[in-house]
Amino acid sequence: MSTTYTLDTATSRAHPVPEPVRRLTVPAIAARKAAGVTAEPVVMLTAYTARMAQLLDPHCDMLLVGDSLGQVIYGLDTTVKVTLEMMIAHGAAVVRGSYRSVVVVDLPFGTYEASPEQAFATAARVLRETGAAAVKMEGGEVLAQTVAFLVARGIPVVGHVGLTPQAVNALGGYGARGRSEAEAAKILGDARAIAAAGAFALVVEGVVEPLAREIQAAVPCPVIGIGASAACDGQVLVIDDMLGMFERVPRFVRRFDDLAGRISDAAARYAEAVRARSFPGDAETYRPKP
Ligand code: KIV
């Protein structure tokens with residue numbers, strides 16, 4: 001049975017002290033896939049806060065501090081408006097709340113695309129200020145030189161191809177990718193280029209199953225799918241989507257809970273208790289010591 005750890009905020013250490021204390025490593029994740037086969041699928045979820053990281057960490061191999069936090073936490077309409085400061089604050093919180101998973105932080109739009117040097121400066125700041133193990137960048141062939149530049153300088157990179165939400169303005173929406181032969185060939189080329197540049201894992205988002213299958217077979221690193229079928233080496237979902245926090249979710253999401261409903265019920269019961277003056281009760285009230 002897995003243990004849920006709590007964070008001792010005085011020391012930023014987990015309680016009870018986890019055994020083994022060491023985190024999974026980037027090479028260990030990369031090594032999950034050998035000769036094209038991944039015996040143990042890579043389990044990844046997004047996390048944005050220390051407490052959520054504590055709860056997810058015992059069950060995951062990787063925690064992704066996704067720029068989806070723009071929509072999920074900040075109520076933004078796209079990830080394009082997410083800032084580096086947001087990513088660093090939430091990345092550091094997730095590292096503090098986890099002990100086992102490899103923590104990966106998304107580089108936000110506009111902080112890495114201009115040049116390899118810009119990407120290196122951003123990624124180095126992210127790793128230094130959060131303690132995360134790796135960064136994730138959206139983009140295909142055009143980004144391969146940047147990925148190679150970072151990897152050669154000791155920065156582990158997760159690639160992200162297919163549906164790339166930071167490019168929503170160029171793509172015109174969030175529909176599944178790779179339906180035409182030309183688009184599928186382009187995405188397969190992107191995946192090959194990013195893997196050849198040294199990415200240790202590749203997120204493939206929103207692509208049709210035959211393309212996901214081709215990508216999985218074509219690249220040596222684990223392919224982590226989101227809306228990319230079961231043909232991948234692992235899966236990732238946005239935590240709030242899979243917990244049922246939103247009424248509308250993409251078709252590929254499975255809701256493993258109805259947290260929105262349960263929160264709403266709890267808030268209604270609280271409001272009722274306050275209005276009926278039945279909260280706080282005796283057990284929740286401080287009395288002078290006798
Ligand atoms: O930002 C994010 O949460 C992501 C996942 C959708 C993979 O990039």
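So which residues in segment 71-89 are crowded, with 24+ Cβ neighbours inside 10 Å and within 25 Å of E247 (Cα to Cα), if there are any at all? Within segment 71-89, V82 is the sole residue that qualifies.
Contact annotation: residue pairs with Cβ atoms under 7 Å, 6 or more positions apart or on different chains, pairing a residue in segment 249-275 that is free of Cβ contacts under 8 Å to residues at least 12 places away in the same chain with a partner that is assigned to a helix (DSSP H, G or I), are V249/D241.
Does segment 38-51 contain at least one residue that is at pLDDT 95 or above, within 26 Å of E214 (Cα to Cα), out of contact with any strand residue (DSSP E or B) (no Cβ under 8 Å at 6 or more places or on another chain) and open to solvent by 60 Å² or more (accessible area, probe 1.4 Å)? Yes; the residues of segment 38-51 include at least one that is at pLDDT 95 or above, within 26 Å of E214 (Cα to Cα), out of contact with any strand residue (DSSP E or B) (no Cβ under 8 Å at 6 or more places or on another chain) and open to solvent by 60 Å² or more (accessible area, probe 1.4 Å). Flag set for Q118, criterion: open to solvent by 10 Å² or more (accessible area, probe 1.4 Å) and free of Cβ contacts under 8 Å to residues at least 24 places away in the same chain. Number of residues in segment 99-111 that are open to solvent by less than 20 Å² (accessible area, probe 1.4 Å) and either more than 16 Å from the ligand (Cβ to nearest atom) or assigned to a strand (DSSP E or B) (or both): the value is 5.
Restricting attention to segment 145-181 and to residues that are more than 18 Å from R192 (Cα to Cα) and of a type in the set (D, E, K, R), the residue that is nearest to the chain's Cα centre (by Cα) turns out to be R153. Residues of segment 51-77 that are within 11 Å of the ligand (Cβ to nearest atom), among the hydroxyl-bearing types (S, T, Y) and either more than 11 Å from the chain's Cα centre (by Cα) or part of a helix (DSSP H, G or I) (or both): none at all.
Looking across segment 233-290, the residues that are out of contact with any Gly (no Cβ under 6 Å at 6 or more places or on another chain), acidic (D, E) and under 25 Å from L63 (Cβ atoms) come down to D233, D240, D241. Candidates are the residues of segment 247-269 that are in a loop (DSSP other than H, G, I, E, B) and modelled with pLDDT of 95 or more; the one that is nearest to A176 (Cα to Cα) is F252. The residues in segment 17-37 that are modelled with pLDDT of 70 or more and either closer than 17 Å to R96 by Cα or among the acidic types (D, E) (or both) can be counted, and the count is 4.
Summed over segment 243-290, residues that are touching a Ser or Thr at 6+ places or on another chain (Cβ under 9 Å) and open to solvent by less than 100 Å² (accessible area, probe 1.4 Å) total 1. Under the condition of being out of contact with any Lys or Arg (no Cβ under 9 Å at 6 or more places or on another chain) and within 13 Å of D67 (Cβ to Cβ), the residues counted in segment 140-163 number 0. Taking segment 215-238 as the range and being surrounded by fewer than 20 Cβ atoms within 10 Å (Cβ to Cβ) and away from the ligand (no atom under 16 Å from the Cβ) as the test, the residues that pass are A217, A218, P220, A230, A231. In the condition set (1) over 23 Å from T79 (Cβ atoms); (2) within 16 Å of the ligand (Cβ to nearest atom), D265 is compliant with all but (2).
Note on segment 227-285: among residues that are basic (K, R) and under 21 Å from the mean Cα position of the chain (by Cα), the one that is farthest from A35 (Cα to Cα) is R248.
The values are calculated or read from the model by the stated rules, or taken from the named source; none is laboratory data. Computed from a predicted model, the values in this text were never measured in an experiment. Here Cβ is always computed from backbone atoms with ideal geometry, including for glycine, and neighbour counts include all displayed protein chains. Heads up: the accessible areas ignore ligands, DNA and RNA and are worked out on the full protein's heavy atoms, side chains in. Shrake-Rupley method; radii C 1.70, N 1.55, O 1.52, S 1.80 Å.
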